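Each remark here refers to the structure printed beneath this line.
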């Protein structure tokens with residue numbers, strides 16, 4: 001049975017980390033390694049994590065240089081054949097998410113799997129704010145402003161070893177750079193599952209202010225450049241514009 005590693009990076013997430021942990025431990029897939037990397041929280045997050053005496057959890061706390069550095073620390077500890085990222089504000093909406101994902105890797109031999117994402121109210125997670133419905137992957141779709149929802153993105157660990165981890169010189173868009181590199185540059189085989197794999201509480205770093213959205217767009221441009229890739233004339237405009245219909 002394939003082992004799947006889930007990595008959560010957290011810093012002062014006492015209000016949400018418990019539901020994140022419970023959504024992982026409640027999965028019906030038995031062979032899960034759950035790595036939690038804490039950036040020395042001071043709000044009780046570490047106490048909440050420490051309550052869970054589960055052999056599937058690998059917990060580490062220490063200073064880091066930001067979320068992407070923390071995720072790379074998690075990748076260094078990972079032993080699973082497949083790796084997924086679940087942020088400390090996110091959770092799996094159903095208990096069969098991981099088993100659904102693993103089936104695609106086993107039955108169809110994909111390199112990567114992704115699905116749909118829902119943004120929900122921070123205080124009332126039953127209230128849906130935004131639906132990110134993705135679409136099947138094909139070569140060249142990144143040129144049209146496409147990006148898979150990163151929290152739904154699962155990939156074989158061998159590809160991190162082959163093509164590299166998160167580039168932590170990015171402060172917001174290292175997730176975009178990584179998926180651009182893996183899918184568009186290195187042509188990995190990706191499978192789209194047309195269902196909600198992750199629910200995310202609103203307030204993500206790249207979308208929480210106009211200045212951050214502008215910064216993210218600049219980093220998107222950098223992602224193409226450092227990989228020796230040329231975006232289309234309207235690629236970096238279509239990427240944020242494509243999110244408008246997610247609110248309707």
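The numbers here are math on the coordinates, done by the rules we state, and not lab data. Only a predicted model underlies this, so the values are computations on that prediction, with no experimental measurement involved. We place every Cβ from the backbone using ideal geometry, glycine too, and count neighbours over all the protein chains shown.
Structure above, values below:
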item: Set of region 143-158 residues, backbone N closer than 15 Å to the point 7 Å along the Cα-Cβ line of residue 230; result: 143
item: Length added when fully stretched, residue 195-residue 43, from 0.36 nm per residue minus Cα-Cα; result: 51.3 nm
item: Gain in span if fully extended, residue 95 to residue 214, counting 0.36 nm per residue against the direct Cα distance; result: 39.2 nm
item: Residue-span extension gain [residue 2 to residue 121] - 0.36 nm each, minus C-alpha spacing; result: 39.4 nm
item: Separation between Cα centres of region 83-127 and region 1-80, rounded to whole Å; result: 15 Å
item: GNM top mover of 214, 36, 128 - the chain, alpha-carbon springs below 10 Å; result: 214
item: Relative contact order [Cα under 8 Å, 6+ residues apart], the chain, whole percent; result: 22 percent
item: The chain: calculated mean residue ellipticity at 222 nm from DSSP helix runs of at least 4, using -39500 (n - 2.57); result: -8500 deg cm²/dmol
item: Shape parameters for region 4-247, alpha-carbon atoms, Rg then Dmax in Å; result: 17.0, 52
item: Value of relative contact order over region 102-232, rounded to a whole percent, pairs C-alpha under 8 Å and six or more apart; result: 34 percent
item: Cut-off 17 Å (backbone N to label point 7 Å along Cα→Cβ of residue 158), residues of region 93-132; result: 102-113
item: Kirkwood estimate for region 1-145, i.e. one over the average of 1/r between Cα atoms, Å; result: 16.4 Å
item: In degrees, nearest ten, helix 210-226 long axis to first principal axis of the chain (Cα); result: 70 degrees
item: Per principal axis, descending, Cα span of region 68-197 in whole Å; result: 40, 32, 31
